[in-house]
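One structure is given below, encoded as structure tokens.
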Amino acid sequence: MSQVLDTPPPTQVPEDDLAALAARHGLTVSGARPTLPEYVRQLWDRRHFITAFATAKLTAQYSEAKLGQVWQVMTPLLNAAVYYFIFGVLLGTKHGVPDYIPFLVTGVFVWTFTQSSIQVGTRAISGNLGLVRALHFPRAALPISFCIQQLQQLLFSMAALVVILLSLSVPISFSWLLVIPTLILQFAFNAGMSLIMARMGAKTPDIAQLMPFILRTWMYMSGVMWSISKLTKSDHLPHIVTILLESNPAAVYIDLMRYALIASFHAKQLPPHVWPLAVGWALVAGVGGFIYFWKAEEKYGRG
Amino acid sequence: MAEQTPQNPELPDNEAETPEAREMRERYERLAKAKTVPTIVVDNVDIVYRVHGTGSGRGSATAALNRIMRRKQAEKAAGVRTVHAVKKVSFVAYKGEAVGLIGTNGSGKSTLLKAIAGVLPVENGHIYTNGQPSLLGVNAALMNDLTGERNVWLGGLAMGMSREEVRDRYQDIVDFSGINEKGDFITLPMRTYSSGMAARLRFSIAAAKDHDVLLIDEALATGDRRFQMRSEDRIRELREKAGTVFLVSHNNKSIRDTCERTIWLERGELRMDGPTEDVMKEYEAFSGEKGAKKKAA
């Protein structure tokens with residue numbers, strides 16, 4: 001074996017010189033974490049990939065089903081029907097809530113957007129290691145792309161929702177325009193949460209097993225199928241519980257969407273300071289989540 | 001183990017080197033003398049994989065609990081195994097070089113290539129590169145349920161091409177793959193393709209982009225004979241445009257055809273680094289595959 005090693009590789013340089021050699025020729029460390037502004041720029045350069053990947057995932061989802069893309073609308077409607085049967089009919093939460101069907105359906109759709117963004121975020125890196133290990137791109141592209149896919153999914157659901165609203169003769173009004181800022185804020189919040197979960201899920205994939213339970217608990221506390229304002233007004237809840245219920249980001253976005261779409265949902269049913277809360281949550285989760293994710297950029301794909 | 005076995009009379013001696021091999025050797029010596037600009041510096045690199053859920057308490061609840069509770073102290077006891085895939089490897093690659101990476105299965109070739117591409121973190125040491133080296137291959141970004149057309153777009157964007165670039169090269173990619181030679185297949189989902197057709201499309205997408213530093217991992221043996229020849233030409237073209245090429249392959253012939261320099265990794269260690277013909281001879285003696293080599297040639 002020694003004779004093999006004896007052959008001196010002609011291009012070998014003494015070991016301590018290698019770093020100096022690299023520095024002299026302006027070489028950079030492969031796969032090093034870029035600065036935050038540079039990272040944002042790289043991500044912006046990949047925006048077409050991000051949207052194309054989201055659309056591709058969405059299209060591929062039902063491509064084996066006979067009904068194809070019809071399921072984009074059918075799935076959320078069936079979900080809403082199940083919740084209506086259980087909560088509206090069997091448990092009777094609908095009493096005292098006007099326009100219960102739009103109330104419930106809006107809640108379910110908006111909640112599903114947050115829930116599935118977080119769920120896909122958890123597996124965005126750990127479930128796509130092949131992609132992460134094969135191609136070079138800012139890793140934040142993956143969770144963000146999955147959130148865009150969920151947003152597209154929500155837009156399909158919203159189309160179904162509009163049909164439901166019109167068929168129940170809920171009047172069209174200017175307040176429907178509030179849907180747009182609400183969606184933007186909710187998207188920022190969801191993307192941030194998804195980025196946070198993506199980093200945690202990349203390090204500890206077990207989190208994906210826990211998420212369904214955490215998310216279900218969160219759902220029942222967010223007033224998806226019951227009215228928070230009814231509870232906080234009628235019952236004698238401790239003040240702290242009221243504050244927690246009303247500042248819950250999921251509840252904030254759900255109630256804003258109801259306020260925008262349903263005429264019988266009045267401003268006084270909204271939690272206090274609802275817009276500052278909505279903007280605050282979007283900024284805290286969006287910016288914080290992005291920085292948190294970027295901090296581990298060079299570590300994704302190990303393992 | 002690696003002692004030379006000159007008893008094989010069929011092995012050509014140095015004097016009987018083929019013209020191609022001589023040309024490669026001259027090219028190697030010319031480049032070694034010139035020592036132009038380094039494009040890749042691999043400085044004392046270790047790469048370690050961590051695998052969970054191995055060891056004696058495999059998968060049992062107590063082992064898992066143990067792992068979570070005492071992450072640092074008891075990594076080994078809790079069934080985290082480390083695989084030291086690349087050990088203290090150093091070398092410098094220069095502009096204009098085509099470097100072959102050889103070694104038996106599991107010797108760390110692909111791992112090293114991924115680390116150079118910056119997609120796999122190193123444990124110790126550093127890898128310095130000029131620009132961003134890229135792996136030739138987009139398989140992971142493509143989706144079988146989508147049409148060939150959409151996959152061309154998706155793959156191109158995933159490799160970092162702009163929309164304009166993809167639009168410009170779309171027709172070339174489709175023509176090169178030959179998917180549409182037997183009818184309009186590019187608008188069918190990729191899952192309906194034969195494995196050969198899918199492989200051809202994947203290669204065509206991957207080879208559509210020019211790279212400064214090109215890393216190729218066994219990408220040469222896809223498709224039928226005609227397509228193989230076409231892809232070899234394309235590789236040569238890419239090689240001429242790229243500053244430096246790395247090729248991982250078990251096909252000794254394609255290493256000989258493409259690379260003038262070869263690095264031999266064995267069990268993660270750099271065993272030998274030098275002119276392709278010299279390294280190949282040692283490697284073939286080591287792996288005892290002269291018969292196999294004759295067949296491949």
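The values are calculated or read from the model by the stated rules, or taken from the named source; none is laboratory data. Computed from a predicted model, the values in this text were never measured in an experiment. Glycine gets a Cβ as well: all are built from the backbone with ideal geometry, and neighbour counts include every protein chain shown. With ligands, DNA and RNA removed, areas are computed over all heavy atoms of the protein, side chains included. Shrake-Rupley method; radii C 1.70, N 1.55, O 1.52, S 1.80 Å.
Taken together, A:Leu43, A:Leu36 contain a single residue that is more than 11 Å from chain B (Cβ to nearest Cβ), touching a Phe, Trp or Tyr at 6+ places or on another chain (Cβ under 7 Å) and more than 18 Å from B:Thr129 (Cβ to Cβ), which is A:Leu36. Selection of the stretch A:1-22 for residues being at the interface with chain B (Cβ under 9 Å from one of its Cβ atoms) and modelled with pLDDT of 80 or more yields A:Leu18, A:Ala19, A:Leu21, A:Ala22.
Open to solvent by 50 Å² or more (accessible area, probe 1.4 Å) and more than 18 Å from the chain's Cα centre (by Cα): is that true of A:Pro238 in this structure? Yes: the conditions hold for A:Pro238.
Within the stretch A:283-290, is even one residue under 30 Å from B:Tyr49 (Cβ atoms) and not hydroxyl-bearing (Ser, Thr, Tyr)? The answer is yes; a qualifying residue exists. Evaluation of A:Lys94 against the conditions (1) away from chain B (no Cβ under 14 Å); (2) part of a helix (DSSP H, G or I) shows that the sole unmet condition is (2).
Taking the stretch B:239-283 as the region of interest, the strands (runs of 3 or more DSSP E) fully inside it that hold 2 or more residues being open to solvent by 20 Å² or more (accessible area, probe 1.4 Å) are B:269-275. What number of residues within the stretch A:252-286 are outside any helix (DSSP H, G or I) and buried (at least 18 other Cβ atoms within 10 Å of the Cβ)? Result for the stretch A:252-286: 4. Of all residue pairs spaced 6 or more apart or on separate chains, those with beta-carbon atoms under 6 Å, a first member in the stretch A:79-106 that is under 17 Å from A:Lys230 (Cα atoms) and a second member that is of a type outside the set (Lys, Arg) and open to solvent by 60 Å² or more (accessible area, probe 1.4 Å) are A:Leu104/A:Tyr84. Those residues that are touching a residue at least 24 places away in the same chain (Cβ under 8 Å) and among the small types (Gly, Ala, Ser), I need them from the stretch B:167-197; list them, please. Correct list: B:Ser177, B:Gly178, B:Gly196. Look at (1) under 19 Å from the mean Cα position of the chain (by Cα); (2) in contact (Cβ under 8 Å) with a residue 24 or more places away in the chain and you find that A:Arg47 fails only one, number (2). Would you say B:Asp184 is surrounded by fewer than 16 Cβ atoms within 10 Å (Cβ to Cβ), more than 11 Å from every other protein chain (Cβ to nearest Cβ) and closer than 18 Å to B:Ser231 by Cβ? In short, no. Close Cβ contacts (under 6 Å, 6 or more residues apart or on different chains) running from residues in the stretch A:119-141 that are more than 9 Å from every other protein chain (Cβ to nearest Cβ) to residues that are assigned to a loop (DSSP other than H, G, I, E, B) comprise A:Ile125/A:Tyr300; A:Ser126/A:Pro205; A:Arg139/A:Tyr300; A:Ala141/A:Arg46. Scan the stretch A:123-163 for residues that are among the β-branched types (Val, Ile, Thr) and surrounded by fewer than 17 Cβ atoms within 10 Å (Cβ to Cβ) and the total you get is 2. Filtering B:Met161, B:Met197 for residues that are modelled with pLDDT of 85 or more, within 14 Å of chain A (Cβ to nearest Cβ) and within 22 Å of the chain's Cα centre (by Cα) leaves a single hit, B:Met161. Screening B:Ala85, B:Ala61 for residues that are within 13 Å of chain A (Cβ to nearest Cβ), surrounded by fewer than 16 Cβ atoms within 10 Å (Cβ to Cβ), on the phi < 0 side of the Ramachandran plot and modelled with pLDDT of 65 or more leaves exactly one candidate, B:Ala61.
Across the stretch B:128-156, the qualifying residues are those that are hydrophobic (A, V, I, L, M, F, W, C) and open to solvent by less than 10 Å² (accessible area, probe 1.4 Å), and the one among them that is farthest from A:Ala52 (Cα to Cα) is B:Val138. B:Gly125 satisfies every condition listed in (1) surrounded by fewer than 21 Cβ atoms within 10 Å (Cβ to Cβ); (2) touching a Pro at 6+ places or on another chain (Cβ under 7 Å); (3) of a type outside the set (D, E, K, R) except (2). For the stretch B:164-181, the set of residues classified as modelled with pLDDT under 90, in a helix (DSSP H, G or I) and not charged (D, E, K, R) consists of B:Phe176, B:Ser177, B:Ile179, B:Asn180, listed by residue number.
Tell me, please, whether a residue that is among the hydroxyl-bearing types (Ser, Thr, Tyr) and free of Cβ contacts under 8 Å to residues at least 24 places away in the same chain can be found in the stretch B:202-224. Looking through the stretch B:202-224, none of the residues is among the hydroxyl-bearing types (Ser, Thr, Tyr) and free of Cβ contacts under 8 Å to residues at least 24 places away in the same chain.
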